[in-house]
Amino acid sequence: MITFEPLWDTLKRKGISQYVLIKQYGVSTGTMDALRKNRSVTLNTLNDLCNILQCEVSDVIRFVPDKK
């Protein structure tokens, strides 16, 4: 499973709110909802987030193996 838990830590560390992502950077509310619910987003979205936050992909997502 892919989790976006690192994204929330990165946002907090950089002092950027979800509101700022939406209003200042144009991230859609639908995308924010998908991120909050650990649903699929495109690689373009990951690229945009990394560019906005000036961070690595590992600062946005983490892979957690599915339990069998």
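The values are calculated or read from the model by the stated rules, or taken from the named source; none is laboratory data. Small disclaimer: the values here were computed from a predicted structure and weren't measured. Here Cβ is always computed from backbone atoms with ideal geometry, including for glycine, and neighbour counts include all displayed protein chains. The protein model used for the area step is the full one, side chains on, heavy atoms only, and it has no ligands, DNA or RNA in it. Shrake-Rupley method; radii C 1.70, N 1.55, O 1.52, S 1.80 Å.
What to note about this one:
- Residue in region 45-56 that is in a loop (DSSP other than H, G, I, E, B), in contact with a Ser or Thr (Cβ under 9 Å, 6 or more places away or on another chain), over 10 Å from PHE4 (Cα atoms) and free of Cβ contacts under 8 Å to residues at least 60 places away in the same chain present: yes
- Qualifying positions in region 14-28 - surrounded by 12 or more Cβ atoms within 10 Å (Cβ to Cβ) and assigned to a helix (DSSP H, G or I): LYS14, GLN18, VAL20, LEU21, ILE22
- Condition check for ARG36 on (1) over 9 Å from the mean Cα position of the chain (by Cα); (2) open to solvent by 30 Å² or more (accessible area, probe 1.4 Å): one failure, at (1).
- Check on THR31, of a type outside the set (A, V, I, L, M, F, W, C), open to solvent by less than 60 Å² (accessible area, probe 1.4 Å) and touching a residue at least 24 places away in the same chain (Cβ under 8 Å): no
- LYS68 modelled with pLDDT of 95 or more and exposed (fewer than 14 other Cβ atoms within 10 Å of the Cβ): no
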